[in-house]
Amino acid sequence: MMYCEECKQKPANVHLAQVFNGKKVETHLCEECAAKKGILMFNMGSNFSIPNLLGSFLGHNFNLQGVKAPAETTRCPHCGMNFMDITQTGKLGCAECYTAFEQELEPTLRRIHGNSRHVGKIPARGGEKVLLKKQVDSLKIQLQQAVACEEYERAAEIRDSIKELEKELD
């Protein structure tokens, strides 16, 4: 049995692994010592659920960007939920909530997922064609922008790149 590195009396049931300058540092503490140090702990008891976890990310303690919650009177026009309801339940009422609370949700979504826009996944097998199609679509947008800006040499290069990629698709 491993004992707490701090008090050396109680069993260590909180194990923290951190990486500093490429070096892994492990700390083993009891719950009380971990709480004293302010280490974030999730209660895995009966209150634990994914909505509660997501609600905590939307709550004031985790709002790292400093975005203030809208007034309680601000409600989703479609389902009537307010932002406090979302932070308490961890669930949005409907698809329109994403639009109604876009400014409040965007920093949290970006922090959790790394992006606030769904980009999907590419299958491991046969995904090359999907990736090539995405590249072609992206180049076509760039081509339209180059033509609109009257950058014809750049547009010609992009057009040639599109032709090469379309050959690979066939």
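Every number in this text was worked out from the coordinates using simple rules, so none of it is lab data. It should be emphasised that the depicted structure is a prediction, and the values quoted were computed from it without experimental measurement. In this analysis, Cβ positions are derived from the backbone assuming ideal geometry, glycine residues included, and neighbour counts consider all displayed protein chains.
Partners of residue 163 within straight-line reach, counting lysines whose Cα lies under 21 Å from its Cα and excluding those fewer than 8 residues away in the same chain: 129, 133, 134, 140.
For residue 96 and residue 112, the difference between the fully extended length at 0.36 nm per residue and the C-alpha to C-alpha distance is 3.7 nm.
Can you check what the net charge comes to around residue 114, using other residues whose Cβ is under 14 Å from the Cβ of residue 114 (Lys, Arg +1; Asp, Glu -1)?
Details: positive: 110, 111, 117, 121; negative: 106.
Charge balance in the 14 Å sphere: +3.
Please give the FRET efficiency for residue 129 paired with residue 157, using the beta carbon to beta carbon distance and R0 = 25 Å, rounded to the nearest 0.05. Let's see the in-between values first.
Details: r = 23 Å, r/R0 = 0.93.
With R0 = 25 Å, the Cβ-Cβ based efficiency is 0.60.
Across region 94-105, rounded Karplus estimates of 3J(HN,Hα) from the backbone phi angles (6.51 cos²θ - 1.76 cosθ + 1.60, θ = phi - 60°) give 7, 5, 5, 4, 4, 6, 5, 10, 4, 5, 7, 7 Hz, Gly and Pro being marked x. Computed extension gain for residue 32 through residue 13, at 0.36 nm per residue and net of the alpha carbon distance, reaches 5.8 nm.
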